[in-house]
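The values are calculated or read from the model by the stated rules, or taken from the named source; none is laboratory data. Keep in mind the model is a prediction, meaning the values are calculated, not measured. Backbone-built Cβ (ideal geometry, glycine too); neighbour counts: all protein chains shown.
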Amino acid sequence: MRYAYALTAALLLGGTTATLALQSPAASQEAQNEPGMVAATAPRPGAPMSFADLAARLQPAVVNISTKQKVQVANNNPFAGTPFADLFGGGSDGRPVTREAQSLGSGFVVSPDGYIVTNNHVVSPGQRGAAVSSITVTFPDRTEYSAKLVGRDAASDLALLKIEGRNLPYVKFGDSSRTRVGDWVVAIGNPYGLGGTVTAGIVSALHRNIGSGPSDRYIQTDASINQGNSGGPMFDMNGNVIGINTAIFSPTGGNVGIGFAIPSEVAAPIIETLKSGGKVKRGYLGVSIQPLDEGAAEALGLPKNQGELIARVEPDEAASKAGIREGDVVVRVAGRDVTPDQTLSFLIANQPVGARVPIEVIRAGKRLTFTAVLGERPSEDRLAAIAGGNQGLDPEDEETTQNATRESLGLAVQDLTPEIARQLGLANTPKGIVISAVDPASDAAAKGLRRGDIILSANQQPTVAAADLGRIATEAKRAGRNNVLLYIQRGSLPPRYLAVKFR
């Protein structure tokens, strides 16, 4: 997935032209009798002959946004520390060099006094350690204004700017909840720095989940969106903003007809909060989750695409206090089903902080209901994953207890002793078993399992001894299952679930 500032250009050449003539019914019938003549038909209601009037009305309120950033770059001057250092682009003391960078995006005016909506990533520093020194807003008539940042919300990728102006052209948010797949839409923005570019298409899908966080509920469109369209508006045929163009899916970096916009029903309340000077607060359950993919669902005997798997429960947070455990499959939140289009993150984030929310889970085949009192979602920085790794096992630790069932998974395992834990760089010895070998032809290898990984459980049952995996795998095969759901820890990384097929 790429933001709409990904860069790839394509040149389309060729094509044909056609002439459309309006005729009386009689003339049209005569035309149909002429050899080779294709009769023109009027478009059905709702299919516009032209977007020109709509574009002319809306373009004055769509702006280009550029930022200047001061970024630090390493001083790779080979003459640093010599009298010749200043002649080759760097100081003589070897310190980092500060340079100015520029970014481009789009936005739209939402009030006559100059409030402007855009994406947070358009006005955020492009790299860690950078600082935005100025934001410039340019209107279609090339009038420029200096803008100040009123507020931003990284989780939804929205930001609100303000310029000093009066009686400015502006547009309004529409109701995206009434949008249907197949509706016409128009996007206006600044792709590749080409200001005031209008593209049209249809709504391709609704409620798209692209794995971007708690506001993961996008409108998909085939209207062309490219680098520089970020933050620009998506209009319906009444000229109302029903989305903010944010991201594209593209193997090349350019438009391939799959773009994503933040729905106005999500964006409008956040913008109002930022405008009032408030902070956007979201509910927080305190869990790490994984999708219940086909393999995991089959291993647990559950239908796929219904529910999400709890991979980790944070201590002293809402889920932990409510009694929710690692391995639970959450299927409903506040009476709403958890699905790929309606994720657990989305449902929880859109509940108020402090709300008492009923959460239904499946645990060991039983449906249970817990009531969680939601906390406040931390900042995105606090939620960032912590990288880690391990050093693997010494060759002398390869002695394992093998049996046919473990071999059917392509794994050799052994008990996890304090000595092995020290070799793996673990501060404590977890309750689990350690993988000492992986068959490269197995599904386990294809899924990325490797020597030194620790199996904490299998099919939601603890694996405290090597024999446990064999017993659990045997039970799964007798039940007609094709997968075993393993709970894997690798070094200091957070544990995660992985479904492994029998060979």
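Odds and ends about this structure:
- Residue list for the range 472-492, restricted to those being over 21 Å from GLU294 (Cβ atoms) and either modelled with pLDDT of 85 or more or under 36 Å from the mean Cα position of the chain (by Cα) (or both): GLN489, ARG490, GLY491, SER492
- Subset of the range 107-136 (residues that are closer than 22 Å to ALA261 by Cα, modelled with pLDDT under 95 and of a type in the set (A, V, I, L, M, F, W, C)): VAL122, VAL123
- Single residue of SER156, SER134, SER176 found to be surrounded by fewer than 20 Cβ atoms within 10 Å (Cβ to Cβ), small (Gly, Ala, Ser) and in contact (Cβ under 8 Å) with a residue 60 or more places away in the chain: SER134
- Just so you know, in the range 211-242 the residues that are of a type in the set (Ser, Thr, Tyr) and touching a helix residue (DSSP H, G or I) at 6+ places or on another chain (Cβ under 8 Å) include one that is nearest to LEU161 (Cα to Cα), and it is SER230.
Every residue, every condition in (1) surrounded by 15 or more Cβ atoms within 10 Å (Cβ to Cβ); (2) in the same structural domain as PRO495 (by TED's automatic domain parsing); (3) in a loop (DSSP other than H, G, I, E, B), yes or no:
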| residue | (1), (2), (3) |
| --- | --- |
| LEU302 | yes, no, yes |
| ALA319 | yes, no, no |
| ARG332 | yes, no, no |
| LEU347 | yes, no, no |
| VAL361 | yes, no, no |
| LEU368 | no, no, no |
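- The condition of being surrounded by 15 or more Cβ atoms within 10 Å (Cβ to Cβ) and modelled with pLDDT of 85 or more holds for only one of ARG406, ARG496, that being ARG496.
- You will find that of ILE435, ILE472, the residue that is farther than 23 Å from GLY301 by Cβ, crowded, with 16+ Cβ neighbours inside 10 Å and of a type outside the set (D, E, K, R) is ILE435 and no other.
- Residue selected from the range 188-241 under the condition under 18 Å from VAL256 (Cβ atoms) and aromatic (Phe, Trp, Tyr), by the criterion surrounded by the fewest Cβ atoms within 10 Å (Cβ to Cβ): TYR192
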